[in-house]
Amino acid sequence: MTASLTRNRVGNFVRRNNKHGSHTGQWAQIVMTVPSGNRDSWLVIYQDGETDVIPIDNHTDRYEFCSEPVDWRR
């Protein structure tokens, strides 16, 4: 993905559907696109206030998106 495409995701909710990470399966809101190393990433915030950086071009992870507010408990 290019940075121009990822800006469209800011404000959306995302969750990773893999077995890695402490917040796997939990919804997070995309706050902004940030550089991380040599690639673009999303800065996300979870319901508990923790933040994370998720690589945008990581095709090995599966992401689910939602543009509407989500039930954080799911």
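The values are calculated or read from the model by the stated rules, or taken from the named source; none is laboratory data. These numbers were taken from a predicted model, which means no experiment stands behind them. Counting neighbours? That spans all protein chains shown, and the Cβs are built from the backbone with ideal geometry, glycine included. Side chains are part of the model used for accessible areas, which takes the heavy atoms of the whole protein and leaves out ligands, DNA and RNA. Shrake-Rupley method; radii C 1.70, N 1.55, O 1.52, S 1.80 Å.
Details
- Candidate set from segment 32-48 (those that are of a type outside the set (A, V, I, L, M) and within 13 Å of F13 (Cβ to Cβ)); member that is modelled with the highest pLDDT: Y46
- All conditions but one from (1) at pLDDT 90 or above; (2) open to solvent by less than 60 Å² (accessible area, probe 1.4 Å) apply to T51; the one that does not is (2).
- Entry remark, segment 15-31: residues being open to solvent by less than 20 Å² (accessible area, probe 1.4 Å) and either at pLDDT below 90 or out of contact with any Phe, Trp or Tyr (no Cβ under 6 Å at 6 or more places or on another chain) (or both) number 1 in total.
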